[in-house]
Amino acid sequence: MEVNLPMSDEIATPHVETHASIWPFCISIGVLFFLIGLSGYTQGNSPSLIYPVTLILGLLVFSGSMIGLGVQRFEGPEGGFGEAWPFQNIENMKTGVWIFLASDVVLFGAFIGTAIFIRVAYGWTDWTPVPDDVIPGLMNTYLLLTSSFTVILALVAAERKNRYGVVVSLITTLLLGIGFLVNKGIEWNHLFQHGYWLSTNVKTSTFFLTTGLHGAHVIGGLIICIWLIGRAWNGAYLEDNRVLEYFGLYWHFVDIVWLFLFPLFYIL
Amino acid sequence: MNKLLQTDGGHSDDHGLPPMSSIKRWLVTTNHKDIGILYIVTSLFFLVMGGVLALLIRLQLWLPRAPGEGLLSAFAYNQSVTAHGLIMVFWFLSPFAFGFANYIVPLQIGARDLAFPRLNALSYWLYLISGILLGISFFQGGTFNGGWTVYAPLNLPAFTPQVGATSAILALFIFSVAITAGSVNFLTTIHRMRAKGMTLINMPLFTWTILLTVWMMLFAFAALLAALMILSSDRILGTTYFSTTGTQGSLLWTHLFWFFGHPEVYIVFFPALGAMAEIFQTFTGKRIVGRKWFIAALVLVTVQSFVVWMHHMFLTGINLEIKTIIMITTIGISLPFDLMVFALIYTLIKGRIQFTTPFLFAFGGLILFIIGGITGVFLGAVVLDYEFRGTYWVVAHFHYVMVGGVTGLVAAIYYWFPKITGRMYDEFLGKVNFVLYFIGFNLLYFPLFIAWETPRRVFTYPPSLIPWHQMATIGGLILAVSFAVMLYNFFVSLSRGEEAGPSPWKYASTLEWALPSPPPLENWEGTPTYENGKLEFLPDNIKTDGGESTHE
Amino acid sequence: MLDFSFSFPLAGSNILQIFPTGSRNFIFDQIFFIFVLLGTIVGVIVIAYMLIQAYRYREGSAPKKDDVDRPKLGELPPPVDDGNKLLKSLLLSAVVVIALVVWTYGSLLYVEAQPSQVDGALTVEVEAYQFGFLFTYPDGYQSTGVLRAPVDRVTVLKITSRDVLHNFGSPDLRIKADAAPGHISETWFLAESTGTYDSACYELCGAGHSYMKADIIILENSEFEQWNKTKNKGS
């Protein structure tokens, strides 16, 4: 994704709040088209060509608008000008990330709880993990743990005002994340070859959907990572590395979730 | 939208935002007041949509119908029942309340805007397109028709194969995403961006209820999001979580749904309660009695709301021990509400009560809520619940509570109308509205208690109940007329109403009434502070502590 | 624990028993009556009190002297401790509500007890489907749409579903239980007089929901035995 990201010039302008942005509207239009397209795939097949076309159109509008939002300069209002209990020392964005993660905990909690509920109803001991081989999962655990570590390296490099270090650490994170996804792709493909599909039974359903949700979180994180790399390339985060920290929070969270999913779906 | 053109604050510094008369303004705006107006207008549109469906239902129920008789086919009736529930609960009630939350909460706490203005705009637009998607679903072979509780396995394509049913589920899914984004935004704003001296305990009660509402939303909607993701996957990718071949899929859905669904009741009702408390305070000229306890009760309900969900499942295969625990928590959660009701009633004493339209609605709303609460105790007794389950007792009870909440929000729109538009509504029409509303409401819902033996979501019932159902239908029409009066009142008052000035209310105490009506784009010059125990505006050049600028 | 001797129809008249037991109709009617009575009294008192106070303190009702500190624009809520009366009222309402619900708890235990162990109980399996009910008797005889049961004898129902979630209920006999696929809910009823009663599905289950009904025919014991013997030949 080659986007020219303006970055280092936004310091030193006097604080003026912005009030206009067209991108939330455009993103939503993209989402609307995407969902209309998706609805056509009820029971897996689309009744007409209109649905796939709408789906792709929606995806394009959505992606374009997200890029637009990402590169737009926008000054939000300040926080912490008085009472801020219990978040006095945590700025707005970080508070927001923490709160979002709290909701994500419930999301994953519901997915994991559901998987456990179904397994208990099925008979806990009658249930064997879907993948016959634990090695790809184990490899992925190490890949994610390492990538969490490289995010910390990026933060350290930023504190030392080492632009090169930030970029390299983030690229390493990206590569490790891609490695995770490729490894998972190979594993899934292997399972598909052996006739395990989402709809095969309730066991494969929980396996693919729960780890798939986690995979979607990884993909989301990597997209943010690409955006960070672009900005870091232009010298961002040396003065103000908080955004790296926020990304780190999210990325560690995704990592921790995997530490729950791995034993549940590969070992137990 | 264009109706609101005249209401431009006339502030010179528009920061590149087009004027209110331009359509573009409303597409690009990220200002909390603009978005508040967008929420209110949009949610009123969905009120009309849900209301029309309700009238269709009531007309079908005019007489017990044989198959094929009446306005609606069986399929259309099920769609109406389902969509009415979904629209009123999701697309009308919460967004209506969040219109006020958007407009009023930043003003009450002394923030210039929400913490993440673009995210706020995104929440609104996702809400709008989710509603549009639900509208489209009617034309995709029919919308979802398995009830607003979307029980499994009826929610699977094997039983509801319509493309529109999938659209409705996806609409609900994206609505939940919008709510989650909004919750993060409001939580950050209310926790982080209060003026000096505006500690949590000092916050106005409306802001308190919104704070607790968004905390509940954050967790409850995450559970719904999970449920809807799984359901969409079952419908589209063919996973088998809820299918009959899977084990206990039906029970799984009820757990997931009601874990969300019970907090949702308070999510819907809390903002109305907060608005009622403020309105009581303003028009009785008395501060809320036992304010501290009122807040404690709200917090208690918020926490407890996550441990009562199984009282919706007393007949759904849970064992006696769990039933007993849930019965206890259910009684437990009703008591804080008793306290709040008493607090509002005692506030009347030694007041100087002005019977303005907002007060009448708030007062009437409290009466309706009391009736809803008493009939709710019936449902808390499990032996009675067994028999009430799936009957009009439940329908009548939750309409008294939920539409009781709407009554509080109607009070809120009359209360803040002068602030938002700068014009007074017509007091006479307002009172006419109230009288019609109150009569229509009770004529609509009270007979349903008497006709409670009617099973829910059917249009055949014993002929002996015909008079009660006909009364209810007439009541429904009167209620509809009362809303028409309200909309007419606002429409006319927008151009012809008296200038309201900063505060038309004698005993208003919260920050928004210290500002011009409507407030300018950036709300105020300088920085509001309560540091010295009362509201002051510090000039801009005095730097308060903290205040590092952050980029969204 | 409680004694479930099922000495019907005498149960309920036992004065030593505080909570109602007996047929489900009897239990429901007793509890419902008390709840309606108390609910009406409480509702009328509270709402009347509200209206009286609101009228009494209306603006312009000429108070002798106004010693109340009124809310002022831009104030912070003053720290006052005025919760006493509030907590007392809460206590009162808590006692009423808790007493009521605890009182019904004994009846819940009674209803929940497993009556299938009662001698002479008839057990019928109920399978709900879109859109009807299939009744299976102990000897394997099946019928759709009509359930026959003897009077003054406990009938146990084991309810499940073939497809979606249904709910089997009869308002006259105060039966109600979910019919979920892959799950058997157990409930019971006791009819005190003969006749034909309605039953229906109480959970939205599809386009035919409004017409998903069955008759419950309650026969004299002798009539029922007669029918029970001949039913297989007849079909």
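Treat each spin label as a single point 7 Å out from the Cα along the C-beta direction, and report the B:Ile466 to C:Asp82 distance in nm.
The modelled label-to-label distance comes out at 5.5 nm.
Given the Cα atoms of the range B:167-313, and with Rh set as the inverse mean 1/r over their pairs in the Kirkwood sense, what is Rg to Rh to two decimals? The partial results should precede the final answer.
Working: Rg = 18.5 Å, Rh = 17.1 Å.
Ratio of gyration radius to Kirkwood radius: 1.08.
Can you say what percent of the DSSP beta bridges in the range C:102-218, counting only those with both residues inside, are antiparallel? Round to 5. Could you put the intermediate results ahead of the total?
Values: 27 of 39 bridges.
Percentage antiparallel, nearest 5: 70.
From the backbone phi of the range B:61-78, what are the Karplus-calculated ³J(HN,Hα) couplings (6.51 cos²θ - 1.76 cosθ + 1.60, θ = phi - 60°) in whole Hz, Gly and Pro given as x?
After applying 6.51 cos²θ - 1.76 cosθ + 1.60, I find 8, 3, 9, x, 10, 7, x, x, 7, x, 5, 10, 6, 4, 5, 5, 5, 4 Hz.
Work out which residues of the range A:26-55 lose at minimum 30 square angstrom of accessible surface when the other protein chains are put back, relative to the chain isolated, with a 1.4 angstrom probe, and list them by number.
So the qualifying set is A:Ser28, A:Val31, A:Leu32, A:Leu35, A:Ile36, A:Leu38, A:Ser39, A:Thr42, A:Gln43, A:Tyr51.
Is the shape of the range B:46-123 best called rounded, prolate or oblate, per the rule: a/c under 1.5 gives rounded, else a/b larger than b/c gives prolate, else oblate, with a ≥ b ≥ c the square roots of the Cα gyration tensor eigenvalues? List each step's numbers first, then the result.
Details: a/c = 6.21, a/b = 3.55, b/c = 1.75.
Prolate, because a/c is 1.5 or more and a/b exceeds b/c.
For B:Lys24, list the lysines whose Cα falls under 24 Å from its own Cα; do not include residues on the same chain fewer than 8 positions away.
Reachable lysines: B:Lys3, B:Lys33, B:Lys419.
Taking the Cα-to-Cβ direction at C:Ile217 and at B:Phe75 and moving 7 Å from each Cα, how far apart do the two end points lie in nm?
Output for this residue pair reads 3.6 nm.
Which distance in Å, rounded to a whole number, links the C-alpha centroids of the range B:34-63 and the range B:206-238?
Cα centroid of the range B:34-63 versus Cα centroid of the range B:206-238: 23 Å apart.
Using a 10 angstrom cutoff on alpha carbons, build the Gaussian network for chain C and name the most mobile of C:Leu204, C:Leu157, C:Leu76.
C:Leu76
To the nearest 100 Å², how much accessible surface do chains C and B hide from each other in total, with a 1.4 Å probe? The partial results should precede the final answer.
Numbers: alone 15430 and 22100 Å², together 29780 Å².
For chain C against chain B, roughly 7800 Å² becomes buried.
Can you tell me, using C-alpha contacts under 8 Å and at least 6 residues apart, the relative contact order of the range A:30-145 as a whole percent? Please list the in-between numbers first.
On the way: 53 pairs, mean separation 18.2, N = 116.
For the range A:30-145, the relative contact order is 16 percent.
Of all the stretches in chain A, which is the longest one without any exposed loop site, taking GluC sites (Glu not before Pro) in a DSSP loop (any state but H, G, I, E, B) with at most 15 other Cβ atoms within 10 Å?
Working: sites that count: A:Glu2, A:Glu239.
Longest gap between qualifying sites, sites excluded: A:3-238.
Kindly express, to the nearest 10 degrees and within the range 0 to 90, the angle between helix C:221-234's C-alpha long axis and the longest C-alpha principal axis of chain C.
Helix C:221-234 sits at roughly 50 degrees to that axis.
If you find the alpha carbon centre of the range B:464-528 and of the range B:102-168, how far apart are they in angstrom?
25 Å
Summarise the long-distance tail of P(r) for the protein assembly as shown by giving the % of C-alpha pairs beyond 53 Å.
21 percent
With 10 Å bins from zero, work out the P(r) of the range C:32-172 over every alpha carbon pair and list the percent per bin.
Result returned by the calculation: 8, 20, 19, 15, 13, 11, 9, 4, 0.
What would the Debye equation give as log₁₀ I(q)/I(0) for the range A:52-192 at q = 0.12, 0.13 Å⁻¹, counting only Cα atoms as equal point scatterers?
Log10 of I(q)/I(0), two decimals: -0.94, -1.08.
Once you have a ≥ b ≥ c as the square roots of the Cα gyration tensor eigenvalues for the range B:441-545, tell me rounded if a/c is under 1.5, and otherwise prolate or oblate according to whether a/b is larger than b/c.
prolate
For a distance above 37 Å, tell me the whole-number percent of Cα pairs in chain B that qualify.
The share of Cα pairs beyond 37 Å in chain B comes to 29 percent.
Nearest-5 percent of antiparallel DSSP beta bridges in the protein assembly as shown? Please report the intermediate quantities before stating the final value.
Details: 36 of 51 bridges.
Antiparallel bridges make up about 70 percent of those DSSP assigns within the protein assembly as shown.
With every protein chain left in place, what is the accessible area per residue of chain B in square angstrom, probe 1.4 Å?
Numbers: 15090 Å² over 552 residues.
Roughly 27 Å² per residue, with all protein chains present.
Normalised by the number of residues in chain B, what is the relative contact order in percent for Cα pairs under 8 Å and 6+ residues apart? Mind showing how you got there, number by number?
Working: 878 pairs, mean separation 92.0, N = 552.
Relative contact order comes out at 17 percent.
If you place +1 on the Cβ of every Lys and Arg, -1 on the Cβ of every Asp and Glu, and leave all else neutral, what size is the dipole of the protein assembly as shown about its Cα centre, to the nearest 20 Debye?
With only Lys, Arg, Asp and Glu charged at Cβ, the dipole is about 1260 debye.
Let me have the relative contact order for the range C:107-235, percent, based on Cα pairs under 8 Å that are six or more residues apart.
Numbers: 290 pairs, mean separation 31.9, N = 129.
Contact order relative to length: 25 percent.
Which value, to two decimals, describes the C-alpha radius of gyration of the range A:91-267 once divided by 2.2 N^0.38 Å? Please report the intermediate quantities before stating the final value.
Numbers: Rg = 17.9 Å, N = 177, 2.2 N^0.38 = 15.7 Å.
Normalised Rg, Cα atoms only: 1.14.
To the nearest 10 degrees, how steeply does helix B:291-304 sit against the main Cα axis of chain B, on a 0 to 90 scale?
With both axes taken from Cα atoms, the answer is about 40 degrees.
In Å², rounded to the nearest 100, what is the total accessible surface buried by chains B and A against each other with a 1.4 Å probe?
Working: alone 22100 and 15730 Å², together 31140 Å².
Buried area (both sides, nearest 100 Å²): 6700 Å².
Please report the spacing between the Cα centers of the range B:286-325 and the range C:142-212 in Å, no decimals.
The range B:286-325 and the range C:142-212 have Cα centres separated by 32 Å.
The values are calculated or read from the model by the stated rules, or taken from the named source; none is laboratory data. All of these numbers come straight from a predicted model, not from anything done at the bench. Methodologically, a virtual Cβ is constructed for each residue, glycine included, from the backbone with ideal geometry; neighbour enumeration extends over all protein chains shown. Surface areas here come from the heavy atoms of the whole protein model, side chains and all, with no ligands, DNA or RNA. Shrake-Rupley method; radii C 1.70, N 1.55, O 1.52, S 1.80 Å.
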